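Take a look at the structure set out below.
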Amino acid sequence: MAKQPHLLVEAGDVHDIALIPGDPGRVDRIAKQCENVEEVAANREYKVVNAEYEGVPLTICSTGIGCPSAAIAIEELSRVGVETFIRVGTIGALQEHVEIGDMIVATGAAKEEGTSKRYESPVYPAVPDYDVLTALVDSAEANGEDVHVGPIVSDDAFYNESDDYVQDWNEAGLLAIEMEAATVFSLARRKGLRAGAICTVDGNLVKGTQKGADSDDELPEKAKNNVERAIALTLDAVTTLA
């Protein structure tokens, strides 16, 4: 198979389990917890690295911001051998009790985005694979970590999440909002692949705080620290899924 046009990878370049953060910088943060790290490719928002964790080979690939670029990553990685995708990202809380720095494992994602709707009807569910979901929850329990487990929403318009939208999502019991999971889950399901997501809360829209609101950095300090913990839980889950 020819080299993929955006990720610049081909068959044999990647492993069957991929961690997919949005931020290329988070690829490096994940790699620091691994061994035998090797950069495979870097182009646009996509940085692809191979590594090992406790002897398990895995690939780490950034997807950029939003469902369109995440869909490209899923399409191209699946063509060259990836079978399991785990999103390791950040997310904005939609419930009062969900604090900055908390971790959320998604049981499903509402489709407030346009990409998945180009593949299928919006009435079809965007849900993670059961084995991936279970591995993430079990990893948290085994490591004594508390995580929120429940539904989230994926949205395209970061700067147009109005009070009416936030109130509706809150009343629906959705835990938090991010920008990629609905398409990741939907594409994986359609392709017969596995996918899941664990995200660290970086703001709370109900309380009126978004990422970067209280500091010059994108993430508050507690969220930064807990991103590392979410990465550790995900890598532990990888050993189970392998």
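The values are calculated or read from the model by the stated rules, or taken from the named source; none is laboratory data. Since the model is a prediction, treat every value here as computed from it, not as a measurement. Reconstructed Cβ throughout: ideal geometry from the backbone, glycine too, with neighbour counts over all protein chains shown. What goes into the accessible areas is simple: the full protein's heavy atoms, side chains included, and nothing from ligands, DNA or RNA. Shrake-Rupley method; radii C 1.70, N 1.55, O 1.52, S 1.80 Å.
Highest mean packing comes first when the peptides 221-227, 135-141 are listed by Cβ atoms within 10 Å, giving 135-141, 221-227. Take the alpha carbon atoms of the stretch 225-239, find their center, do the same for the stretch 135-195, and report the distance between the two centers in whole angstrom. When both Cα centres are located, 17 Å separates them.
The residue list I60, V201, I231 was ranked by how far each Cα lies along the charge dipole of the chain toward its positive end, using unit charges on Cβ atoms, and I60 comes out on top.
Between R29 and K207, the contour length at 0.36 nm per residue exceeds the Cα-Cα span by 61.2 nm. When the Gaussian network model of the chain links Cα atoms closer than 10 Å, the mean-square fluctuations of D164, D28, D146 top out at D164. Relative to the longest principal axis of the Cα atoms of the chain, the long axis of helix 181-190 makes an angle of roughly 50 degrees.
With the cut-off at 1.5 for a/c, could you classify the stretch 125-242 from its C-alpha gyration tensor as rounded, prolate or oblate? Can you show the working numbers first?
Working: a/c = 2.04, a/b = 1.28, b/c = 1.60.
Oblate shape, in that a/c is at least 1.5 and b/c is the bigger or equal ratio.
Could you work out the relative contact order of the stretch 125-242? I mean the mean sequence separation of Cα pairs under 8 Å and 6+ apart, divided by the number of residues, in percent.
Values: 113 pairs, mean separation 41.9, N = 118.
35 percent.
Round to a whole number: what % of the accessible area of the chain belongs to carbon and sulfur, probe 1.4 Å? Heavy-atom surface of the chain belonging to carbon and sulfur, 1.4 Å probe: 46 percent.
Residue ranges 198-204, 179-185 sort as 179-185, 198-204 when ordered by packing (mean number of other C-beta atoms within 10 Å per residue, highest first).
Relative to the current alpha-carbon distance between Y119 and H6, full extension at 0.36 nm per residue lengthens the span by 38.7 nm.
Taking a sphere under 9 Å around the Cβ of P21 and counting the other residues whose Cβ falls inside, with K and R at +1 and D and E at -1, yields a net charge of +2.
DSSP assigns beta bridges within the chain; of those with both partners inside it, close to 40 percent run antiparallel. The label point for E171 and the one for H97, both projected 7 Å from the Cα toward the Cβ, are 2.0 nm apart.
Extension gain Y159-E54, at 0.36 nm per residue separation less the Cα-Cα distance, in nm?
Working: separation 105, 0.36 × 105 = 37.80 nm, distance 4.04 nm.
Additional length available on full extension: 33.8 nm.
Taking a ≥ b ≥ c as the square roots of the eigenvalues of the Cα gyration tensor, an a/c ratio of 1.5 or more together with a/b larger than b/c marks the chain as prolate.
When only Cα pairs below 8 angstrom with a gap of at least 6 residues are kept, the chain shows a relative contact order of 25 percent. Once the Cα atoms are used to define both axes, helix 67-79 deviates from the longest principal axis of the chain by about 30 degrees. Since only H148, G114, I100 are under comparison, the one whose Cα sits farthest along the positive direction of the charge dipole of the chain, derived from C-beta charges on Lys, Arg, Asp and Glu, is G114.
A 28 angstrom limit on the alpha carbon distance is what I want to check against. Which of K32/K111; K3/K224; K47/K191; K32/K207; K32/K222 exceed it?
The answer is K32/K111; K3/K224; K32/K207.
Local charge sum around G66 (other residues, Cβ-Cβ under 9 Å, Lys/Arg +1, Asp/Glu -1)? Walk me through the intermediate numbers first.
Working: positive: none; negative: E113, D156, E180.
Summing Lys/Arg as +1 and Asp/Glu as -1 gives -3.
Could you give the size of the charge dipole of the chain about its Cα centre, using +1 on the Cβ of each K and R and -1 on the Cβ of each D and E, expressed in debye and rounded to the nearest 20? Mind dumping the intermediate values first?
Working: 20 positive and 43 negative charges, 156 e Å.
The calculation lands at about 740 debye.
Could you give the angle, 0 to 90 degrees to the nearest 10, between helix 221-241's Cα long axis and the longest principal axis of the Cα atoms of the chain? Taking Cα atoms only, the helix is inclined about 50 degrees.
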